[in-house]
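One structure is given here, and the rest of the page talks about it.
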Amino acid sequence: MTLEKEAAYFATHKDEWLQSYEGLFVLVKDEELVGAYANEEEAYRSGLERFGNAPFLIKRVTKEDEETAHFPALVLGLLNAHS
Amino acid sequence: MPIHNRFFLRPKREHEASPEGLASAGPLLQVQVEVPAAFAAYLAKKNQPVPTPGVGWALIDTGATRTCVDNNLLNQLGMQATGTVTTGTAAGPTSQLLYPAKLSFPGARLEIDFGSVIGVNLSGQSIAGQDVVVLLGRDVLSRCILVYNGPGGLFTLAL
């Protein structure tokens, strides 16, 4: 899957990066930490400048657990339902 | 504060509210899905054209934790993934890609530049014959006032 390598690299280094970059957004490409930024847009602009329009990972460094997103109407196939 | 009101009226009796119209269609807004400002600036710098926005309907989905956009539309805009997120499904957790995107709601005079939306397959999803290309989740609603007036056949979204 796209960004699998980057996500694994982030997970491996998260505890280490919490020491220096907590609350910041890191930009990761392949197995390289490119930089840490105050917001997502700054990280995105930097990624575009460095790598062009290619996949790269932007993720906030935080102690909180990984988010799990839910959208039950879609995953349960209810959008087309009618009474 | 941009305020969007949508009234559902009975066909041929347009002075009468249609609670059943709202119940059938749901709280839908017209939406344009565009490249984010940062990507538009990047393309301009490279003398490349900015892709034409995709249009469709956004369904306000109070059950969705985050805003989702049809990944076919994101691909048409040339967007590349900038993250992943774990999502809960009936079959267990799975991973979905995140993309930056800008959503414009012409009827509400409202634009939102998202750091990331979830790319999902919404092809074939329709409500009352209308294609849904965006599920507007609680990440946006956390900054809005939403009034759903079922008996009155109307809803109001204010940001």
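The values are calculated or read from the model by the stated rules, or taken from the named source; none is laboratory data. The shown structure was predicted, so the numbers you read here are calculated from the model rather than taken from an experiment. Every residue, glycine as well, gets a Cβ built from its backbone with ideal geometry; the counts of neighbours run over all protein chains shown. Protein only, heavy atoms only, side chains kept; ligands, DNA and RNA dropped before computing areas. Shrake-Rupley method; radii C 1.70, N 1.55, O 1.52, S 1.80 Å.
Computed quantities for the displayed model
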item	result
Restricting region B:26-51 to residues that are in contact with a helix residue (DSSP H, G or I) (Cβ under 6 Å, 6 or more places away or on another chain) and either facing another protein chain (nearest Cβ under 9 Å) or of a type in the set (Ser, Thr, Tyr) (or both), the residue that is most open to solvent (accessible area, probe 1.4 Å)	B:Tyr42
Within region B:74-96, tally of residues that are open to solvent by less than 30 Å² (accessible area, probe 1.4 Å), more than 8 Å from chain A (Cβ to nearest Cβ) and at pLDDT below 95	1
Count of residues meeting criterion [open to solvent by less than 60 Å² (accessible area, probe 1.4 Å), assigned to a loop (DSSP other than H, G, I, E, B) and either farther than 14 Å from B:Ala91 by Cα or at the interface with chain B (Cβ under 7 Å from one of its Cβ atoms) (or both)] in region A:66-79	2
Residue among B:Tyr99, B:Tyr148 that is surrounded by 14 or more Cβ atoms within 10 Å (Cβ to Cβ) and either basic (Lys, Arg) or more than 24 Å from B:Pro53 (Cα to Cα) (or both)	B:Tyr148
Evaluation of A:Asp15 against (1) of a type outside the set (Ser, Thr, Tyr); (2) assigned to a strand (DSSP E or B); (3) open to solvent by 70 Å² or more (accessible area, probe 1.4 Å) (one fails), failing number	(2)
Residue tally, condition in a helix (DSSP H, G or I) and more than 21 Å from A:Leu3 (Cα to Cα), over region A:19-34	2
Among the residues listed as B:Cys144, B:Cys68, the single one being within 7 Å of chain A (Cβ to nearest Cβ) and closer than 16 Å to B:Leu29 by Cα	B:Cys68
A:Lys63 vs. criteria touching a residue at least 40 places away in the same chain (Cβ under 8 Å), farther than 21 Å from B:Phe114 by Cα and part of a loop (DSSP other than H, G, I, E, B)	yes
Residue in region B:109-127 that is more than 11 Å from chain A (Cβ to nearest Cβ), at pLDDT 95 or above and either more than 23 Å from B:Phe7 (Cα to Cα) or out of contact with any His (no Cβ under 6 Å at 6 or more places or on another chain) (or both) present	no
